[in-house]
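Asks: Pasting a structure below so you can have a look.
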Amino acid sequence: MTQASLPLQKPATIRPRGAVFNWIGVIPFFLFAIAFLFLPSSSLFIGSFQNSEGGFTFDNILGLSQPKILDSYWLSIRVSAVTAIGGGIFGFLLAYAVSIGGLPAWVRSSITTFSGVASNFAGVPLAYAFVAVLGRVGFVTGILKDIFNIDIYEAGFNLYSFWGLSLTYMYFQFPLMVLVMAPALDGLKREWREACENLGATSFEYWRYVAMPILLPSLLGTMILLFGNAFGAYATALALTGGTLNLVTIQIGAQIRGDVLHNPGLGYALAFGMVVIMAISIAAYTWLQRRTERWLR
Amino acid sequence: MAYLELENVRKEFNNSVAVENFNLKVERGEFVSFLGPSGCGKTTTLRMIAGFELPTSGAITINGVDMTDTPPNKRNVGMVFQAYALFPNMTVADNIGFGLKIAKRPADEIKKRVKEMLDLIHLPVKGDSYPYQLSGGQQQRVALARALAFQPQVLLLDEPLSALDAKIRVELRSEIRRIQQQLGITTIYVTHDQEEALSISDRIVVMSAGKMEQVGTPFEIYNFPQTSFTASFVGQLNLLPVTVSDAEGRRCAFNGRALAVGQPIRFANGASVRLALRPEELNLGGASGDSQRNELTGAVESVNFLGSVVRIRVDVGGATISIDLFNERQLVLPKAGEQVTVNFPAESCWVME
Amino acid sequence: MRRFPLWSWFWFLLGTLYFFLPLLGTLNFSLRIRRDVLSLDAYNNALTDPEFIRTFVFSNQMAVMTILVSILLIVPTAYWAHLRLPQVRPALDFITLMPFVIPAIILVFGLIKTYSRPLTVFGLPVVPPLTNTVFSTNILLIFGYTVLCLPYMYRSVDNGLRAMDVRTLTEAAQILGAGWPTILFRIILPNLRTALLSGALLTFSIVVGELTLATFLARPAFGPYLALLGNHKPYEPFALSLISFALTWVAMGIIQFVTRGSGQGQLAGGH
């Protein structure tokens, strides 16, 4: 009788049709991933070991050693390293300040929101924002000149150069660090500090022997993540410098546009080399994060 | 002079009183438990001894030295935390040796001491393991070894067993007592578990709402509770609503039935009070004319078999009382609804508000 | 008892300056189209430019399509993996991490290399070149965006499913006689609302301003338009940048609002 009041519907059943049936549910996703993620990336991988006739060759990989390409990798690595370390340290200090630094709770929530926005604010608008603030007639450039009588461009600064680009990248780098490190700092238990004090340790000894070693894997891991984050950035650099800085991504962009290397295979090798560096950094990040999670379980 | 002394200790948080009027003298080598419900101030008091909280007023002395304002890292007091608080980045050996390392003792001395401690806690081969590889019970043993390794003057334990399984809890508590007696270390143990406190302590401080209710040996606390809080918090207690009929002659009336009371009655005749008695003091059957035993009758409500003990609940008219009988194979248990007579010695019951 | 946290305030102040100075600079520029007077003319010019409207509408269409494709692709897969194939979840985690390894510039490079000629399997053409027609290029763009946003959408949905204990809910519904449509549309999806919304908003804020894919697939999107605008207009780009920042802000604000307390973090991307 009670059945009658319910909508008459065939009850769902998961029929035991074995493993094959189970896999059908995830096939569309895997097909998509193969078609639009693995096929494109493996075609670049294959292309970097093929000559113009389609035969196997190492020439493209060896060709990466020409000075212009090595320079571009070196510049990309330096920009990524500087912004990863700089953004990492600053982001860590900020995360410390808002998580266990004794600031009121509203500061924490506002910094987290800012960080969510800023770490997603990149590309063309970010480049314009930095032109507006540190360009030749930018806001801060003007303030420094008019009020403090410091002409940063006279002093050798240029927004469209290495340091300018690095400062711009920092805008999305350090907020990412805050987003990852604030929860990690929360993971430091009060009891660890108390146990340390109880065993006679000073605050410095607590940081040196306990807190820092616990945080180090995720600190390093996140810096590596930041490194990859900057290494793969293209839109911001292009919009800011118009392609004048010789970064790997800029090189690849030029190669897609018009085969500036006059060798498609070399272009693929360039991309392949980049993926290798990205893959190493993401793998290192994942490994270090796991290590910390194991500790903090 | 007592080894550890708390004098008129008081602690306020944001104008609300957490602990007040706390006075305690603990002898060297004594094991004292602070027992009470959560929020009664027992942990706060412990944390004041450790130095994590500063008393609002009062004084704490250890071995004749005033420690009231000494920072925690200068107190030489060992502490074991509820959630173990082992350092996850260090091995078991490094955890245990941490206090000695901070004190800059030579490496071989640390090594020797760590080995001693590992033997003491019966984990001689776990020195190179990391805390996450140990069970909860093992972690807490390591935490205990870490707190003892640097030979503190006082050992403090803050509900060290409450995160563990029932079986491990019982095992570890006798282990803690064994180690404490072996080393003869003065120990303060905080718990909300009365069975734990009763089984492990030399003396118990029962606390409620920031105040000391009673201080005494487990035997005194259980058998001679001085306040109604202690009586009801420690152990099971039956409370019968009675009227004082003859204070001088130590007699009460329950449903018109006269009951003899062993202890002096400090209430006027006619006062409505409660008669307190422990379930294990009651027996099935009549008093068979013994004037020193009281008799009650009623219907059995339920019979619960708990293993070593059988708990029978009897409705004696207006109140239900519990009777605990020791399990024996030849025991004949009454059925629910059956009329029974129960008896208890006058000596075992007392009158409370 | 606790000292005033001077250094904490210092870092907070520095962080706040870093956040807001570029915005202040942008605002300042965008208001200075007329000499010596502050005016909103730059905004007026920028927003009424037909080219802006065209590209902005296009990017929004792409964003909506990307969100739909992502949801259709990810929700059933993630649900099924939670319910029946837990062993496949590490593989899903791995695949959805891949877009971090393959940045947009590499992805578009590979997409063009693969799909600008017929895709063959054992010598037989199965897919015609996708870059030949506008329609199929748009599809390629949407799929490319779906790949770029995979980590964000998948993490969101996965967290959402994890939080609700899919298996128990599904079994409870089955015992009460519910069919698959009821389970999916009346139990799983309503419980995923927050996760889907935050995934969708992240996708939206990444796609609308995206430059790399749109440029190389030569689609008239907002990102390339904004980049080009800088070459011939002095003030309007700043007005549009600020608007685009405001859009990101609104999207993140809504995410913060709907996920508050649920402990769902999100990471960044799309540079």
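Each reported figure results from applying straightforward, stated rules to the coordinates on display, with no laboratory input. This one's a predicted model, so the numbers in the text were calculated from it and none came from an experiment. Note that we place each Cβ from the backbone using ideal geometry, even for glycine, and neighbour counts take in every protein chain shown.
Asks: So what is the relative contact order for segment A:153-297, in percent, with contacts set as C-alpha pairs under 8 Å and at least six apart? Intermediate values should be presented prior to the final figure.
Replies: On the way: 91 pairs, mean separation 44.0, N = 145.
That works out to 30 percent.
Asks: List the residues whose amide H sits under 5 Å from the amide H of C:Val127, counting only those 5 or more places along or on another chain, with H placed 1.01 Å from N in the peptide plane.
Replies: Answer set, sorted by chain and number: C:Leu119.
Asks: Modelled label-to-label distance, C:Thr16 and B:Ala166, 7 Å Cα→beta-carbon offset: nm?
Replies: With each label point 7 Å from Cα toward Cβ, the separation is 5.5 nm.
Asks: Same structure again: What percent do you get for the relative contact order of chain C when only Cα pairs under 8 Å and 6+ apart count? Working shown, then result.
Replies: Values: 255 pairs, mean separation 76.2, N = 271.
Relative contact order for chain C comes out at 28 percent.
Asks: What is the packing order of peptides B:121-134, A:49-62, B:205-218, taking the mean over residues of other C-beta atoms within 10 Å and listing the highest first?
Replies: B:205-218, B:121-134, A:49-62
Asks: Still on this model: What ranking, highest mean first, results for peptides C:14-21, C:233-240 when packing means the other Cβ atoms within 10 Å averaged over each residue?
Replies: C:233-240, C:14-21
Asks: Looking at the square roots a ≥ b ≥ c of the eigenvalues of the Cα gyration tensor of segment A:47-296, which shape do they give, rounded for a/c under 1.5, prolate if a/b is larger than b/c, or oblate?
Replies: Numbers: a/c = 2.74, a/b = 1.40, b/c = 1.95.
Since a/c reaches 1.5 but b/c is at least a/b, the shape of segment A:47-296 is classed as oblate.
Asks: Still on this structure: Report, in debye and to the nearest 20, how large the dipole of chain A comes out about its Cα centre when Lys and Arg carry +1 and Asp and Glu carry -1 on their Cβ.
Replies: Computed about the Cα centre, the dipole is about 960 debye.
Asks: Specify which residue in the list A:Leu70, A:Ser80, A:Trp207 is farthest towards the positive end of the charge dipole of segment A:47-296, using unit charges on the beta carbon of Lys, Arg (+1) and Asp, Glu (-1), about the Cα centre.
Replies: Toward the positive end, the furthest listed residue is A:Trp207.
Asks: Would you work out the charge dipole size for segment C:134-251 about its Cα centre, treating the Cβ of every Lys and Arg as +1 and the Cβ of every Asp and Glu as -1, and quote it to the nearest 20 debye? List each step's numbers first, then the result.
Replies: On the way: 7 positive and 5 negative charges, 14 e Å.
It works out to roughly 60 debye.
Asks: Here's another thing I want to ask about it. Given the protein assembly as shown, report the % of alpha carbon pairs whose separation exceeds 58 Å.
Replies: The calculated P(r) of the protein assembly as shown puts 31 percent of pairs beyond 58 Å.
Asks: HN-Hα J couplings of segment C:55-64 from phi, Karplus 6.51/-1.76/1.60, θ = phi - 60°, integer Hz, Gly and Pro as x?
Replies: Once θ is set to phi - 60°, the couplings for segment C:55-64 become 5, 5, 4, 4, 4, 5, 4, 4, 4, 5 Hz.
Asks: Across the residues of A:244-257, average count of Cβ atoms on other protein chains within 10 Å? Intermediate results must be reported in sequence, preceding the final value.
Replies: Details: counts 0, 0, 0, 0, 2, 6, 1, 1, 5, 6, 0, 1, 8, 2.
Rounded to a whole number, the mean comes out at 2.
Asks: According to the square roots a ≥ b ≥ c of the eigenvalues of the Cα gyration tensor, what is the shape class of segment A:150-191, taking rounded for a/c under 1.5, prolate for a/b larger than b/c otherwise, and oblate for the remainder? The partial results should precede the final answer.
Replies: On the way: a/c = 6.42, a/b = 3.19, b/c = 2.01.
Since a/c reaches 1.5 and a/b is larger than b/c, the shape of segment A:150-191 is classed as prolate.
Asks: Which order results if B:Thr191, C:Thr194 are arranged by neighbouring Cβ count within 10 Å, fewest first? Could you put the intermediate results ahead of the total?
Replies: Numbers: B:Thr191 23, C:Thr194 19.
Lowest count first: C:Thr194, B:Thr191.
Asks: How do the peptides C:151-159, C:125-133 rank, highest first, by the average count of neighbouring beta carbon atoms within 10 Å per residue?
Replies: Listed from highest to lowest mean packing, they are C:151-159, C:125-133.
Asks: While we're on this one: Considering the options C:Thr146, C:Thr16, C:Tyr225, tell which one lies farthest towards the positive end of the dipole of the protein assembly as shown, charges being +1 on Lys and Arg and -1 on Asp and Glu at the Cβ, about the Cα centre.
Replies: C:Tyr225
Asks: Averaged across the residues of A:279-291, what count of C-beta atoms belonging to other chains lies within 10 Å of each residue's C-beta? Could the numbers behind the result be given before it?
Replies: Numbers: counts 4, 1, 2, 5, 2, 0, 2, 4, 0, 0, 0, 0, 1.
The mean count of partner-chain Cβ atoms within 10 Å per residue comes to 2.
Asks: So, one more: Work out the charge dipole of chain B with +1 on the Cβ of Lys and Arg and -1 on the Cβ of Asp and Glu about the Cα centre, then indicate which of B:Pro279, B:Ala299, B:Phe219 is farthest towards its positive end.
Replies: Result: B:Phe219, furthest along the dipole toward the positive end.
Asks: How crowded by other chains is B:77-89, given as the mean number of beta carbons from other chains within 10 Å of each beta carbon?
Replies: The per-residue average across the peptide is 6.
Asks: OK, next. For segment B:245-302, what relative contact order do you get, as a whole percent, if you take Cα pairs closer than 8 Å and at least 6 residues apart?
Replies: Details: 39 pairs, mean separation 15.2, N = 58.
Averaging sequence separation for qualifying contacts and normalising by length gives 26 percent for segment B:245-302.
Asks: Charges only on Cβ, +1 for Lys and Arg, -1 for Asp and Glu: so what's the dipole of the protein assembly as shown about the Cα centre, in debye to the nearest 20?
Replies: 1540 debye
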